Amino acid sequence: MNKNILIGIVIVAVILVGVWIFLQQGTETQQESQAPADTTSSIQADLDALDLGDVDAEFESIDQDLNSL
Amino acid sequence: MIKTIIGGIVCSMFLASFVFAHEETDVQRTAQDVRQNVLEQTAKLRQEAVDRFKVQRQEAEAQLRAKKVELQDRVKTAREEMKSKIEAKRVELKERLETIRDTRKKQIVERVYDNVNQLNERLTTHFTNVLNQIAEVLDRVKSRADKAEANGLDVSSARTAIATAEGAITAARAAIEAQAAKTYSFAVSTEDKLKSDVGEARKALHTDLVAVRETLKAARDAVRQAAVALAQVPRVDEAEVPEEE
């Protein structure tokens, strides 16, 4: 009987520790995501990531049709 | 006699120390008042800078949202107007193609007509989205400049670059609107000239789309220049303005 209670306490403790670690990680992620998005480095990174589009590539299928005329 | 003189000197020294101590307290009090005034003035100026920053940010965000919606609405309206024109010209094309015997070629020409106009619609939508992204990035440059200014940093060169970028974005917006209002049709003459007739429209669309893309590229480069100008301000990324002060 005592042994079962002890096992139960250990399981509950392990679960509580797991929940605590999970919540801690969540807080850290939240803190990271709250970093200001208007720093000059993040602005430069977003400008680099902009995709203006490849006009020539968009004409491929039209050009194939044109060549078959 | 000597005792009287010594007594007089001691009394004088005692009185002098009392007067000096009193004067010292006055000086300390005055210094404390000056310090308090300076602190109050600094806090007042800081609060004014924060208030100004908040007003600037609210105005900038409202303006950005309005321009984004305005461009999307205008492009949408232009496209709706174009739909009926494209359909009418499609009917005209079908009639002109009746002189062409080769059914396969007829189908290709009709398909290219649809693809050319669909491509224009697809790329103007893409350009609209990209321009909105560029405008959002510029808004962040402005936000950083506002924060730096609220913290007493000199951002005048960045402000000039920001104004140039705003001009480039306006030019790109106008180019996209004009492009969205365009349709492309083919002047079908004879069967042996089909390729060159259709090729003319293809070339026109390509030239137009490349030109619009160039205006986007110019807008992006201008925003980059503004970001570079801002990055040259010492400790600019450390400047923050508290949400509530």
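Readers should treat all values here as calculations from the given coordinates under stated rules, not as data from a laboratory. Worth saying up front: this structure is predicted, and the values here are computed from it rather than measured. Every residue, glycine as well, gets a Cβ built from its backbone with ideal geometry; the counts of neighbours run over all protein chains shown.
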- [ ] Could you rank the peptides B:73-81, A:48-56, B:115-123 by their average count of other C-beta atoms within 10 Å per residue, with the highest value first?
- [x] B:115-123, B:73-81, A:48-56
- [ ] Could you order peptides B:96-108, B:127-139, B:192-204 by the average number of other Cβ atoms within 10 Å of their residues, highest first?
- [x] B:127-139, B:192-204, B:96-108
TODO: Mind checking which of B:SER189, B:TYR113, B:ALA66 is farthest towards the positive end of chain B's charge dipole, using Cβ charges of +1 (Lys, Arg) and -1 (Asp, Glu) about the Cα centre?
DONE: B:SER189
Open item on the list: Can you compute the label reach from B:ARG101? Point 7 Å from Cα along the Cβ direction, backbone N cut-off under 15 Å, restricted to the stretch B:171-192.
Closed with: B:190-192
Task: B:GLU200 paired with B:ASP221, simple spin-label distance in nm, labels 7 Å along Cα-to-beta-carbon - done: 3.3
Open item on the list: Here is the link list: B:LYS44/B:LYS67; B:LYS106/B:LYS203; B:LYS67/B:LYS106; B:LYS89/B:LYS193; B:LYS193/B:LYS217; B:LYS106/B:LYS217. Which ones come out longer than 31 Å on Cα distance?
Closed with: B:LYS44/B:LYS67; B:LYS67/B:LYS106; B:LYS193/B:LYS217; B:LYS106/B:LYS217
Task: Spacing of the two label points (7 Å from each Cα toward its C-beta) at B:ALA171 and B:GLU81, in nm - done: 2.4
TODO: Please give the FRET efficiency for B:THR30 paired with B:VAL55, using the beta carbon to beta carbon distance and R0 = 35 Å, rounded to the nearest 0.05.
DONE: 0.40
Task: chain B: most fluctuating residue of B:ALA219, B:ALA165, B:ALA66 per GNM, C-alpha cutoff 10 Å - done: B:ALA66
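About its Cα centre, how strong a charge dipole does chain B have in debye, to the nearest 20, once Lys and Arg get +1 and Asp and Glu get -1 at the Cβ?
Its charge dipole is roughly 1300 debye.
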Task: Which of B:ALA229, B:ALA211, B:THR170, positive extreme of dipole for the stretch B:164-245 (C-beta unit charges) - done: B:ALA211
- [ ] Rounded to whole Hz and in sequence order, give me ³J(HN,Hα) for the stretch B:92-102 from the Karplus expression 6.51 cos²θ - 1.76 cosθ + 1.60, θ = phi - 60°, writing x for Gly and Pro.
- [x] 4, 4, 4, 5, 5, 6, 5, 6, 8, 7, 5
Open item on the list: Using 0.36 nm times the number of residues separating B:ARG90 and B:LYS67, minus their current alpha carbon distance, what extension gain do you get?
Closed with: 4.9 nm
